[in-house]
Amino acid sequence: QLVESGGGLVQAGDSLRLSCTTSGRTFSSFAVGWFRQAPGEEREFISSISWTGGSTLYADSVKGRFTISRDNALNTVYLQMNSLKPEDTAIYYCAVAGSSRPQTSIYQYDYWGQGTQVTVSL
């Protein structure tokens, strides 16, 4: 089971760090991704990281502001979010891919967390 944490209510320009961890099942051999879904919108890709952490992908909308990282010893993946904007408001989900390489499509992910709410106010 994947569990996201670290969400909250912040002001524009602030930072948050999301964490994704798992109980029982390890994801150290697989890529992990972050997605988000705003009300009335489809779930969109944010970032993904390879199992080694050596390869990452980002959506254009967050490139330069968000940083994904992982600590396989702790079975945890992080999403550092800086310079947050109101349009970043959404539920953020982490997911484990069926591949060791980073993926952008939701269909490449097999296991999903329940999400954590991020709200950015003006």
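The values are calculated or read from the model by the stated rules, or taken from the named source; none is laboratory data. All of these numbers come straight from a predicted model, not from anything done at the bench. All Cβ positions, even for glycine, are placed from backbone atoms using ideal geometry, and neighbour counts span all protein chains on display. Side chains are part of the model used for accessible areas, which takes the heavy atoms of the whole protein and leaves out ligands, DNA and RNA. Shrake-Rupley method; radii C 1.70, N 1.55, O 1.52, S 1.80 Å.
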Problem set entry | Label-point separation, Q80 to R101 (7 Å along Cα→Cβ), nm | 2.7 nm
Exercise. R25 versus A38, label points 7 Å from Cα toward the beta carbon: distance in nm?
Worked result: 3.0 nm
Problem set entry | Inter-site label distance for A12 and S121 at 7 Å from Cα along Cβ, in nm | 1.4 nm
Exercise. With every protein chain left in place, what is the accessible area per residue of the chain in square angstrom, probe 1.4 Å?
Worked result: 51 Å²
For this session: First compute the accessible area of the chain with a 1.4 Å probe, then give the percent of it belonging to carbon and sulfur atoms.
Result: 47 percent
Seminar exercise, completed: Taking the alpha-carbon centre of each part, the distance from segment 17-46 to segment 98-119 in Å is 4 Å
Exercise. Once the chain is represented by equal point scatterers at the alpha-carbon sites, with solvent omitted, what log10 I(q)/I(0) does the Debye formula produce at q = 0.22 Å⁻¹?
Worked result: -1.27
Exercise. Taking K and R as +1 and D and E as -1, what net charge do the other residues with C-beta under 13 Å from the C-beta of S61 add up to?
Worked result: -1
